[in-house]
Amino acid sequence: MSLPAESLDAAEGADFSARVEPYRRELLAHCYRMTGSLHDAEDLVQETLLRAWKAYDRFEGRSSLRTWLHRIATNTCLTALEGRQRRPLPTGLGAPSADPTADLVERTEVPWLEPLPDPVDPSEVVGTRESVRLAFVAALQHLSARQRAVLVLRDVLGWKAAEVAGAIGASTAAVNSLLQRARAQLDVVGPSPDDRLQHPDSPEAQDRLARYIAAFQAYDINALVGLFTAEAIWEMPPFTGWYQSREAIATLIQQQCPAQAPGDMRLLPVTANGQPAAAMYMRDPAGVHRAFQLQVLDMGPDGVSHVVAFLDTSVFPKFGLPASL
């Protein structure tokens, strides 16, 4: 974190940096849940730490440093979200599943949900994996900013109602009301809990992801279709359509994908949002494989049930991925 040079005492700055650094990753996850944007979350973490530094001499230790930082982060996010649109996925726009043979409709002006890279240290993702799954973060986008804050603080971070009230400047009764409405809304739009979703580091998920990548690279549509569940869903922002059934997904890939032959696509395994993922590179006319899309997968014992293929390649560097292969 960069601190203003004119306000920086070397000893205090070193102490502050050493104390807050262990919380940077969970602050990023918190801001990501609130905003649905990796880029915004990174900026908001910086703003949070800057605000914390400016107020550090007034931190009296009445709460833990972690709680204090999350309070600042929450209010930083609430301020940033004023007047902003929610970040949807195509499935959240309210339209029925699309015809895979129809023209694709692109809407780059929509602030789409973004994927979140998993940390390098696997121990850092264990406690946050469920709460950063794409389906959960997409559902949070249907809530107001204050509902989102209350639900995340109460149900994800496990704060008491009085602590949340103090954090957002509301009464305990108001917090309980916001939480009740948020939970009711999530019951309508949120994902059904599925304990069968495979962790990306499980042998089963790694094996299926390897076969998924091999099928794409071989342009073997039959093998690829066999890895999907019967009612699997495919969506790819910034295109507005979403597609349901393995047959629809097969048709979509055959008719809309730029690839025409084995070797046109290369994929690298990664993890995102605590889920198996793959970075796809498409071969251009010069024969160079260039960043094309990042696919985040829901995997269960029955196969791949959902794929969100993000075509925003600006996230590739965030995952430590090159622009070309």
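The values are calculated or read from the model by the stated rules, or taken from the named source; none is laboratory data. As the structure is a prediction and not an experimental result, all values here were calculated from the model. Cβ: placed from backbone, ideal geometry, glycine included. Neighbour counts: every protein chain shown.
Search the range 155-197 for residues being of a type in the set (A, V, I, L, M) and within 30 Å of F228 (Cα to Cα), and hand back the single one that is surrounded by the fewest Cβ atoms within 10 Å (Cβ to Cβ). Result: V188. Only one of the numbered conditions (1) in contact with a helix residue (DSSP H, G or I) (Cβ under 6 Å, 6 or more places away or on another chain); (2) farther than 27 Å from L268 by Cβ; (3) assigned to a loop (DSSP other than H, G, I, E, B) is violated by G158, and that is (1).
Condition check: touching a Phe, Trp or Tyr at 6+ places or on another chain (Cβ under 9 Å), of a type outside the set (A, V, I, L, M, F, W, C) and assigned to a loop (DSSP other than H, G, I, E, B). Does D103 satisfy that? So D103 does not fit the description; no. Take the conditions under 28 Å from E42 (Cα atoms), in a loop (DSSP other than H, G, I, E, B) and touching a residue at least 12 places away in the same chain (Cβ under 8 Å) and apply them to P322. Does it pass? Spelling it out, P322 is indeed under 28 Å from E42 (Cα atoms), in a loop (DSSP other than H, G, I, E, B) and touching a residue at least 12 places away in the same chain (Cβ under 8 Å). Evaluation of E235 against the conditions (1) surrounded by fewer than 14 Cβ atoms within 10 Å (Cβ to Cβ); (2) in contact (Cβ under 8 Å) with a residue 60 or more places away in the chain shows that the sole unmet condition is (1). Consider the range 272-325 and keep the residues that are surrounded by 17 or more Cβ atoms within 10 Å (Cβ to Cβ) and β-branched (V, I, T). The one that is farthest from T240 (Cα to Cα) is V304.
Each row is one residue, and each column tells you yes or no for (1) more than 18 Å from the chain's Cα centre (by Cα); (2) modelled with pLDDT of 95 or more; (3) farther than 18 Å from A139 by Cα; (4) not in a helix (DSSP H, G or I).
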| position | (1), (2), (3), (4) |
| --- | --- |
| H30 | no, yes, no, no |
| M34 | no, yes, no, no |
| R66 | yes, no, yes, no |
| H70 | yes, yes, yes, no |
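Restricting attention to the range 79-94, the residues that are surrounded by fewer than 12 Cβ atoms within 10 Å (Cβ to Cβ) and either in a loop (DSSP other than H, G, I, E, B) or not assigned by the TED database to the domain that holds R51 (or both) add up to 4.
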